[in-house]
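Bear in mind these aren't lab numbers, they're just calculated from the coordinates by the rules spelled out. Source: prediction; values computed, not measured. Cβ coordinates were reconstructed from backbone atoms using ideal geometry, including for glycine residues, and neighbour counts include every protein chain displayed.
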Amino acid sequence: MMEKPDLLSFTREQLRDYAVSIGEKPYRGDQIFSFLSRGVRYEDMTSLSLALREKLEAETEFRLPTVLTKKRSRDGLTEKYLLSLIDGECVECVLMRHDYGTSLCISSQVGCRMGCRFCASTLAGKVRDLYPSEMLGQIIAAGNDSGERIDKLVLMGIGEPLDNYDNVVKFLRILNDKDGIGLGLRNVSLSTCGIVPGIEKLAGEGLPVTLSVSLHAYRDDVRRKIMPIAKKYPLDELLAACRLYFDRTGRRVSFEYTLIAGENDSREDAKGLCRLLREKMGVASHVNLIPLNRVEETGFSAPAPEAAERFAAILRSEGQNATVRRSMGADVDAACGQLRRSLQNKGKEL
């Protein structure tokens, strides 16, 4: 629990109330909100009085992360950031340059407790949740370092967003505020391993983000082997929640499907996936195929390079909308958790 107010985690309305509580006019809260959303530190908020700036410095928390290290891919399209938080923990975010603009993949937790067997993020377990300020801070840090505006945002880095539900929802509301970063929520994707109550609750929040669900198998027994969460929420329950999300928001659900050699990459798997989504989702889904990023500790391996396109072709022939995710930043450990994991391993060696 923080002792001082974390103002970057405040909504604009909360900052207006805070300004009044310290004897200022409500519009001062609007000014502080605008400054904070751009990462401006208190001493540089020059339209505020010196006395107010000193009060903010003394009595509140400024939780903007700092760039610990950065890697740039050889093609110049990807930047991988390792960011240091105020308590010394670190998280990752990845900036990717596309024809349509710049996207940023951010983390929602330090570590992860979901235990997906192919993922580097979960190997050391969960340390703690991120505050809204620390999620916003990743956008500010990457934007300031790169000098680029972030056009699209993906909550698909370290952590499970729906396991940090309240902070993530508050972050999305702050992110969307026109007087702050002002990013439209239709340009935001939220990735989950399939926490059913969280999906159902999110469907009623009025936040039109794209829901991306990590599926990775069309059968419960295979999915349970890959993803422990499947033991709690079987496919029927998960896909019913996804259909509810589509019905309430009108937003097509994206299903992430990581291809793992010998586990879920056969022709039978492709056809089974089509049958499942046709029955449960109709036309309300899209499949995003992801060739596995190999993590040594998992023992899993990626299929042959052409396997993803072959799998996608089967899906399309069955009428299922599908794409293969373009691999970006493999030479800079751009898959979530890999850079943080390499730093942890380095620390053990020391």
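Values for this structure:
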item	result
Any hit, region 30-46, residues being under 29 Å from residue 104 (Cβ atoms) and in contact with a His (Cβ under 9 Å, 6 or more places away or on another chain)	no
Some residue of region 115-137 being charged (D, E, K, R) and in a helix (DSSP H, G or I)	yes
Wholly within region 213-291, helices (runs of 4 or more DSSP H) carrying at least 3 residues that are acidic (Asp, Glu)	235-249, 267-281
From the options 153, 136, residue that is out of contact with any Asp or Glu (no Cβ under 6 Å at 6 or more places or on another chain), more than 20 Å from residue 73 (Cα to Cα) and of a type outside the set (Lys, Arg)	136
One residue from 128, 72, 41, 28 being among the basic types (Lys, Arg) and within 25 Å of residue 326 (Cα to Cα)	72
Index of the failed condition, residue 160 passing every other in (1) touching a Leu at 6+ places or on another chain (Cβ under 6 Å); (2) within 24 Å of residue 248 (Cα to Cα); (3) of a type in the set (D, E, K, R)	(1)
Residues of region 45-74 satisfying the condition of being more than 25 Å from residue 29 (Cα to Cα), in contact with a strand residue (DSSP E or B) (Cβ under 9 Å, 6 or more places away or on another chain) and either free of Cβ contacts under 8 Å to residues at least 12 places away in the same chain or of a type outside the set (Val, Ile, Thr) (or both)	68, 70, 71, 72, 73
Cβ-Cβ under 7 Å pairs, at least 6 apart or on other chains, region 5-29 side without any contact (Cβ under 8 Å) to a residue 12 or more places away in the chain, far side of a type in the set (Lys, Arg) and assigned to a helix (DSSP H, G or I)	26/16
The listed residue being free of Cβ contacts under 8 Å to residues at least 12 places away in the same chain and out of contact with any Leu (no Cβ under 8 Å at 6 or more places or on another chain), out of 147, 125	147
In region 185-197, residue farthest from residue 323 (Cα to Cα) [restricted to those that are under 15 Å from the mean Cα position of the chain (by Cα) and part of a helix (DSSP H, G or I)]	185
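Residues checked against (1) closer than 23 Å to residue 138 by Cβ; (2) buried (at least 16 other Cβ atoms within 10 Å of the Cβ):
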position	(1), (2)
40	yes, no
54	no, no
62	yes, yes
65	yes, yes
69	yes, no
72	yes, no
